[in-house]
Amino acid sequence: MDQYKTLVTSLLEKGLRHDSRKLMDYRPIEVEVNPIPRANGSARVKIGNTEVIVGVKFDVGTPFPDTQDEGVLMVNAELSPLANPDFEPGPPGPAAVELARVVDRGIRESHCIDFTKLCIKEKEKVWMTFVDIYPMNDDGNLLDAAALAAVIALKNAVLPKYDEKEEKVMFKEMSKKKLDMSKLPVLVTFAKNASYIFIDPDRKEENVLDTRLSVSSLADGKLVAMQKGGQGTFTKEELLNIFDLAVEKAKEHRKLIK
Amino acid sequence: MEKLYVSDREIVVPGDILAEGIEYLPSGKAYREGEKIFASVMGMASVKGRVVKVIPLAGRYMPKKMDALVGKVIAVLPGGWSIEINSPYAADLPLAEGTSEYIPRGADLTRFFDLGDYIFAEVTLITETKFVKLSASRRPYRRLRGGILIEISPVKVPRLIGKQGSMVGMIKDATGCEIVVGQNGWVWAKGTPEKEALVEKIIKTIEVESHKKGLTDKIKKMLEENK
Amino acid sequence: MGGKKAGSPDKLIVNGKRLDGRKLDELRPITIKAGVIPNADGSCALTMGETRVVAAVYGPRECFPKHFQLQDRAYMECIYTMVAFSTTDRARPGPSRRSTEISKVIKDALLPAVFMEKYPRTKIDVYIEVTNANAGTRTAAINAAAVALADAGIEMRDIVTAIASGKIEGQVALDLFEPEDNFGEADMPLAMMPKTKEITLLQLDGEITREEAEQMIEMSMKACEEIYELQKKALKDKYASEKSAEVEGEGDENGSV
């Protein structure tokens, strides 16, 4: 792969990518809303050949002791070996955990969901929102695809009915209640190789990049979550530049959120 | 009872009946059960006289004797090299087959092939249980210095090469890259980074559109646009 | 069986029709698409009514861990999983006793069709994700996996085909969907190689007579023929225009320098 890194680097010097993209071009993005009937909300997002499905499921459980009047959000990612020849079966490894946590942070820190509205009975019963991420084909940048799919799935999710008398969820009957997604966090991932920064790395580029930074932002330009990955470094100037670009790029993605 | 059930070039899938009667002979990717001959893979039926076979449309590379391969050195051993050949099996390149040069005892083998080097070699032996031996001692087989490795489905290799090497020849001429195509679906290319990336893009286009009409023209156009 | 279970609909059959409008011997609508996962050697997306599965095949590839390696044939690993949001209540991700057993019977159903001896010392991985479950997931998984194996170019005798029959309100019925699966009396998944009619999977949950068993097997075998045609069509559709390539010629098979 070293020879390929040389190729990627020398193309970047000239403002080029191996697949003819410009440095700040995304691959084509496709969005499908609610492809999974059994999920309470779901989305399929494709970025180039990368494909992720995310499903939302609700259940009722007990709140955490420190937030007794708030619903619970649980984000989980399964890197099924179906999606990439290098994924192995078994419990989630570091890559899966990072993917889930970065998506989780974007949603949680943006306060796009009012968790107090998901309280059924303080200290006792709250709605649990499970967001499950499943890559179907990993051709790089699962982070952005998963984050976008998660927001779309949540926005389109409908809560099942809750029987107050019996104190249980009627999983098969839907209410009309949806999550009030006032804000929409959008994650944009930048990669760095040598001194060049580019967006939306595919799998070939991921294999050779030095480092990456994922930035989640809101429509008003506020940054809500970030994650640096890889062993390389960024300068302050690079970071400031990335923040501006992240907000700019997020505008394009936001148009895809239905 | 003698009957042919498929026409030449018809798409067949595993289990499809191809022919009936002992007159017909199954060849690659076709098998006989009693009087009948069936396809064992998805592919194109081929009928040449009495010989009925299937040309596969998909599948990993399985080594055959005399195949010319592009490989990658994955280990330097006391008696030679271990080579990855884009198949489920790694191949051995014995010391004596590595080069036409005489290699004295205890010589530093990395001088000839180092870890990670690409190599063009020929399959000289394959056992029943698929142990593979290579040779690179005769021209054109050799060490491939620098360059990048490009993958293409092994079943599409003939399309990439073209009639009498016409397709790959056209790509070489237009890009000025050195290109070596292995039957194992690994292609080595060396030139400027732009041209290497272009060769990669063109090979991927051939892979995806190998079955479409006007491919040669499309490739010609891509090459001209990127001059 | 006795009384009605909690949550059961009043009737599963009304005027000879099932709750989804099907006749007793009628399949749910089936769609099959080959080659849906670019990273995989072979893949397939399949729907049977609301049941949806995706299968991917990787291999034959080098066998890890090494102690699974067989000197004279390939080793197959088959993993069936349900995605967390595929069921009415969220399913806990990861393997369960149920999925472990189903993975095993799927492998046993597929193996008789594969020429494993053509690929000594290798491993063939078959991964199946159920993305939406509405009964019949193991048979849908087998149908998809068989197409994915063929799509991967792996040598096989035939394409394995599967379907379940069951018993609802005392009557034999084909391809149960969820309410019938939950509240019916019996469910019997079956897989076969249609060319030779050899059966490669048979399971039964519930009480049936010998006559009913025979009826169910016959009903399933007939339905398998129907599904078999759809599987073959899905594979051929992927290469529908392949023939035209001949206009330009195949080219040489030799390596090129």
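The values are calculated or read from the model by the stated rules, or taken from the named source; none is laboratory data. Small disclaimer: the values here were computed from a predicted structure and weren't measured. Glycine also receives a Cβ, built like all others from the backbone with ideal geometry; neighbour counts cover every protein chain displayed.
Rundown of residues vs (1) of a type in the set (Ser, Thr, Tyr); (2) without any contact (Cβ under 8 Å) to a residue 24 or more places away in the chain; (3) at the interface with another protein chain (Cβ under 9 Å from one of its Cβ atoms); (4) part of a helix (DSSP H, G or I), yes/no style:
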{"residue": "B:119", "(1), (2), (3), (4)": "no, no, no, no"}
{"residue": "B:124", "(1), (2), (3), (4)": "yes, no, no, no"}
{"residue": "B:168", "(1), (2), (3), (4)": "no, yes, yes, yes"}
{"residue": "B:188", "(1), (2), (3), (4)": "no, no, no, no"}
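Quick one: residue A:91 ticks every box in (1) at the interface with another protein chain (Cβ under 10 Å from one of its Cβ atoms); (2) touching a Leu at 6+ places or on another chain (Cβ under 6 Å); (3) of a type outside the set (A, V, I, L, M) bar one, so which box is it?
(2)
Please determine whether any residue of segment B:51-63 is more than 9 Å from chain C (Cβ to nearest Cβ) and out of contact with any Ser or Thr (no Cβ under 9 Å at 6 or more places or on another chain).
no
Only residues that are farther than 14 Å from residue C:158 by Cβ and assigned to a loop (DSSP other than H, G, I, E, B): list them for segment B:30-46, please.
Across segment B:30-46, the qualifying residues are B:34, B:35.
When the residues of segment B:68-103 are filtered to those that are in contact with a Gly (Cβ under 7 Å, 6 or more places away or on another chain) and of a type in the set (Asp, Glu), which remaining residue is nearest to the other protein chains (Cβ to nearest Cβ)?
So, considering only residues that are in contact with a Gly (Cβ under 7 Å, 6 or more places away or on another chain) and of a type in the set (Asp, Glu), the one nearest to the other protein chains (Cβ to nearest Cβ) is B:84.
Within segment B:3-52, which residues are surrounded by fewer than 21 Cβ atoms within 10 Å (Cβ to Cβ) and under 22 Å from the mean Cα position of the chain (by Cα)?
Scanning segment B:3-52 gives B:9, B:27, B:28, B:46.
If we keep just the residues of segment C:202-226 that are at pLDDT below 95 and either buried (at least 17 other Cβ atoms within 10 Å of the Cβ) or among the aliphatic types (A, V, I, L, M) (or both), which is nearest to residue C:182 (Cα to Cα)?
C:204
Can you tell me which residue in segment A:128-173 is surrounded by the most Cβ atoms within 10 Å (Cβ to Cβ), limited to those that are under 30 Å from residue A:86 (Cβ atoms) and among the polar types (S, T, N, Q)?
This residue is A:141.
Select from segment C:68-92 the residues that are over 17 Å from residue A:89 (Cβ atoms), surrounded by fewer than 23 Cβ atoms within 10 Å (Cβ to Cβ) and within 8 Å of chain A (Cβ to nearest Cβ) and list them in ascending order.
Selection gives C:87, C:88, C:89.
Scan A:51, A:13 and give me the residue that is within 11 Å of chain C (Cβ to nearest Cβ), of a type in the set (Asp, Glu) and on the phi < 0 side of the Ramachandran plot.
A:51
Please go through (1) under 18 Å from residue A:84 (Cα atoms); (2) crowded, with 24+ Cβ neighbours inside 10 Å; (3) more than 7 Å from every other protein chain (Cβ to nearest Cβ) for residue C:109 and return the number of the only condition it doesn't satisfy.
Failed condition: (1).
Those residues that are facing another protein chain (nearest Cβ under 7 Å) and of a type in the set (S, T, N, Q), I need them from segment B:190-217; list them, please.
The answer is B:210, B:216.
Restricting the search to segment C:115-143, which residues are within 11 Å of another protein chain (Cβ to nearest Cβ), within 23 Å of residue A:85 (Cβ to Cβ) and either in a helix (DSSP H, G or I) or without any contact (Cβ under 8 Å) to a residue 24 or more places away in the chain (or both)?
C:118
Among the residues of segment B:96-117, write down those that are among the hydrophobic types (A, V, I, L, M, F, W, C) and either touching a residue at least 40 places away in the same chain (Cβ under 8 Å) or closer than 24 Å to residue B:149 by Cα (or both).
Result: B:96, B:109, B:112, B:113, B:115.
Any idea which residue in segment A:114-127 is surrounded by the most Cβ atoms within 10 Å (Cβ to Cβ), counting only those that are of a type in the set (Val, Ile, Thr) and at pLDDT below 95?
The extreme case among them is A:120.
Tell me which residues, restricted to segment A:160-192, are at pLDDT 95 or above, more than 22 Å from residue A:121 (Cβ to Cβ) and more than 17 Å from the chain's Cα centre (by Cα).
Hit for segment A:160-192 is A:192, nothing else.
Being assigned to a loop (DSSP other than H, G, I, E, B) and surrounded by fewer than 21 Cβ atoms within 10 Å (Cβ to Cβ): is that true of residue A:245 here?
no
Mind telling me which of the residues C:60, C:65, C:38, C:29 ends up being within 30 Å of residue B:85 (Cα to Cα) and exposed (fewer than 12 other Cβ atoms within 10 Å of the Cβ)?
Unique residue meeting the criteria: C:65.
Can you name the residue in segment B:145-166 that is touching a residue at least 60 places away in the same chain (Cβ under 8 Å) and surrounded by fewer than 22 Cβ atoms within 10 Å (Cβ to Cβ) and is also farthest from the other protein chains (Cβ to nearest Cβ) among such residues?
B:151
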